[in-house]
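Novice: Next up is a structure, given as structure tokens.
The values are calculated or read from the model by the stated rules, or taken from the named source; none is laboratory data. Quantities reported herein were computed from a predicted structural model and do not represent experimental measurements. Every residue, glycine among them, receives a Cβ derived from its backbone with ideal geometry; neighbour counts consider all protein chains shown. Note: areas computed on protein heavy atoms with side chains; ligands, DNA, RNA excluded. Shrake-Rupley method; radii C 1.70, N 1.55, O 1.52, S 1.80 Å.
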Amino acid sequence: MPRPTLATIDHRALRANFTALAEQSPHSKLIPMLKADGYGHGASAVAAALGDAALAYAVAAPEEAQRLRSDGVTQPLLLLEGAFEPADLLFASENNCWLMVHNQRQVEWLLQAKLPAALRIWLGVDTGMHRLGLAPQQLQATYRTLINSSNVHSAMVICTHFHSAELGAEQVAEQVALFDSVAAELPAEQSLANSAATLALPHCQRDWCRPGIALYGAGHTAQPPSAGATALQPAMTLSSAVIAVREVPRGDRVGYNGRWQAQRDSLIATIPVGYADGYPRHAKDGTPVVVDGQRCPLAGRVSMDMITVDVTDLARPALGAAVELWGRQLPIGEVAAAAETISYQLLTGISARVRRQQLI
Ligand SMILES: Cc1ncc(COP(=O)(O)O)c(C=O)c1O
């Protein structure tokens, strides 16, 4: 009998979310994020779900691109961190990858490379995130240098990344103004928007939107989703089943270090999912877990392989009763908030031992 803990990837939800994002940004092209194994959903499975709908995808590294190519994905793949060494340029050129260029070292590599085909470059400019990107004052000169290189395809994209788009228009205003002040007159396409901006900030949509978390139907936080996000559906459901139920008398404690103490005679269900599966160890007592279709509070520390849940208010659940850790009945953002993290970390943290099921 396999362990009942299961991540189900819903291909219809992925397609519906892609369509919702496309409808929300009708004048833009979408380049969905497949980095970090498609935010933990399985990059190749996500690409299979979307089929021809996506024009291109974005990944973090050549290794991620290579895996997608081995699995038969044919769309252009943008390498978001660009080349890590000169050999990556050849890889990109031979494998239909687009390349982020975010610093002078990468510019030098590009100018010196001998490539079979010109590369489509995304020129990253740092407008305030202060992570990657050319300084704004370097952008125009770098653009001119690159556009004159035979290694560079004439259709370039100028892009930047927001640090707080989920907080609204005011929080991106400075970055947009700085971007426009240096990029507006360059004859290139533009890309600014992540999910939050694609959904809620139409003036940031420009030529290419780069949605990640919204494609996966997982909010940034536990806060109510913005208007466009209401249509999004969770693409992953993490489920399991009850494997033990015990009576715990008032005053007894449950789990490591006895963090949770029964305030009344209680019924505790044990579920075979723990931090080694990617369930967050920092989840607090009270974190919601759906047992038999009803929300019940986590009771006690998350162990490596198990959690314990207070099911006193349910009719005694049977062994094998259905459990949802997050998904359609329980937004992942709520679980993330209870563990003081974000849905991104939970999704990308599902470990290899969790079985996958594709709902096609
Ligand atoms: C450069 C870049 N663009 C887009 C995204 C997508 O962000 P989100 O998942 O919030 O849509 C990311 C995610 O980290 C990113 O690094």
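Novice: As I understand it, the dipole of the chain uses +1 on the Cβ of Lys and Arg and -1 on the Cβ of Asp and Glu, about the Cα centre. Which of 158, 118, 348 lies farthest toward its positive end?
Specialist: 348
Novice: Give the calculated FRET efficiency between residue 189 and residue 250 to the nearest 0.05, with a Förster radius of 45 Å applied to their Cβ-Cβ distance.
Specialist: Once the sixth-power term is evaluated, E becomes 0.10.
Novice: While we're looking at this one, here's another question. Hey, what do the phi angles of the range 267-279 turn into as Karplus ³J(HN,Hα) couplings, whole Hz, using 6.51/-1.76/1.60 and θ = phi - 60°, x for Gly and Pro?
Specialist: 10, 10, 9, 10, 10, x, 8, x, 5, 6, 9, x, 6
Novice: Another question, then. So which chymotrypsin sites (Phe, Trp or Tyr not before Pro) in the range 41-126 end up in coil per DSSP with only 15 or fewer other C-beta atoms within 10 Å?
Specialist: 84
Novice: Next question. Evaluate the Kirkwood expression for the hydrodynamic radius of the range 49-167, namely the inverse of the mean inverse distance over all pairs of different C-alpha atoms, and round to one decimal in Å.
Specialist: By the Kirkwood definition, the hydrodynamic radius is 14.7 Å.
Novice: Oh, and also: Using only Cα atoms, find the angle between the long axis of helix 169-183 and the longest principal axis of the chain, and express it within 0 to 90 degrees, rounded to the nearest 10.
Specialist: 20 degrees
Novice: Mind telling me which of 334, 247, 81 comes out most flexible in a GNM of the chain, alpha-carbon contacts under 10 Å?
Specialist: Evaluated over the chain, the most mobile residue of the options is 247.
Novice: Right, something else. Taking the Cα centre of the range 12-218 as origin and charging only Cβ (+1 Lys, Arg; -1 Asp, Glu), how large is the dipole, in debye to the nearest 20?
Specialist: Roughly 300 debye for the range 12-218.
Novice: Please report, for the Cα atoms of the range 274-360, the Rg to one decimal and the Dmax as a whole number; what are they, in angstrom?
Specialist: My reading of the Cα-based Rg and Dmax gives 12.7, 36 Å.
Novice: Further, regarding this structure: With unit charges on the beta carbon (Lys/Arg positive, Asp/Glu negative), name the residue among 275, 312, 330 whose Cα is farthest towards the positive pole of the charge dipole of the range 236-359.
Specialist: Selected residue: 275.
Novice: Another question, then. Under the rule of at least 5 residues apart or a separate chain, name every residue whose amide H is placed under 5 Å from the amide H of residue 98.
Specialist: Placed amide hydrogens put 77, 78, 79 under 5 Å from residue 98.
Novice: Whole-Hz Karplus ³J(HN,Hα) for the range 96-111, in order, using 6.51 cos²θ - 1.76 cosθ + 1.60 and θ = phi - 60°, x for Gly and Pro?
Specialist: Values, residue by residue: 6, 9, 9, 10, 6, 10, 10, 8, 5, 4, 5, 4, 4, 4, 5, 5 Hz.
Novice: Further question: Compute the orientation-averaged projected area for the range 1-110 from the convex hull of its Cα atoms and round it to one decimal in nm².
Specialist: One quarter of the hull surface, i.e. the mean projection, equals 8.8 nm².
Novice: For q = 0.09 Å⁻¹, what log10 I(q)/I(0) does the chain give under the Debye formula with an equal point scatterer on each alpha carbon and no solvent?
Specialist: -0.56
Novice: Where the accessible area of the chain is counted over protein heavy atoms with a 1.4 Å probe, how much of it, in %, is carbon and sulfur?
Specialist: 52 percent
Novice: So, one more: What does the charge dipole of the chain about its Cα centre add up to, to the nearest 20 debye, if the Cβ of each Lys and Arg holds +1 and the Cβ of each Asp and Glu holds -1?
Specialist: It works out to roughly 720 debye.
Novice: Here's another thing I want to ask about it. Between the helical axis of 11-24 and the dominant principal axis of the chain, each derived from Cα atoms, what acute angle in degrees is found, rounded to the nearest 10?
Specialist: Helix 11-24 and the main axis of the chain meet at about 50 degrees.
Novice: If you count only protein heavy atoms with a 1.4 Å probe, what accessible area per residue comes out for the range 147-286, rounded to a whole Å²?
Specialist: Values: 6170 Å² over 140 residues.
Using a 1.4 Å probe on heavy atoms only, each residue of the range 147-286 averages 44 Å².
Novice: For the peptides 44-52, 325-333, what is the packing order when you average, over each peptide's residues, the other Cβ atoms within 10 Å and list the highest mean first?
Specialist: The densest-packed peptide leads the list: 325-333, 44-52.
Novice: Just subtract the alpha-carbon distance of residue 169 and residue 282 from 0.36 nm times their residue separation and send over the number in nm, one decimal.
Specialist: Contour length minus Cα-Cα distance gives 37.5 nm.
Novice: Which whole-Hz ³J(HN,Hα) couplings does the range 142-158 yield from phi under the Karplus relation 6.51 cos²θ - 1.76 cosθ + 1.60, θ = phi - 60°, glycine and proline marked x?
Specialist: Values per residue, Gly and Pro as x: 5, 4, 5, 4, 5, 5, 8, 8, 5, 7, 10, 5, 5, 8, 9, 10, 9 Hz.
Novice: If the only charges are +1 at each Lys and Arg Cβ and -1 at each Asp and Glu Cβ, what is the size of the charge dipole of the range 108-228 around the Cα centre, to the nearest 20 debye? Each step should come with its number before you reach the end.
Specialist: On the way: 6 positive and 9 negative charges, 82 e Å.
That gives the range 108-228 a dipole magnitude of about 400 debye.
Novice: So what is the calculated 222 nm ellipticity per residue for the chain, using -39500 (n - 2.57) for each DSSP H run with n of 4 or more, over all residues, to the nearest 500 deg cm²/dmol?
Specialist: For the chain, the value works out to -8000 deg cm²/dmol.
Novice: How are the Cα pair distances of the range 12-218 distributed, in percent, across 10 Å bins from 0?
Specialist: Once binned at 10 Å, the Cα pair distances of the range 12-218 give 9, 36, 37, 16, 1.
Novice: Choose one of 177, 98, 256: the residue whose Cα lies farthest towards the positive end of the charge dipole of the chain (beta-carbon charges +1 Lys, Arg; -1 Asp, Glu; about the Cα centre).
Specialist: 256
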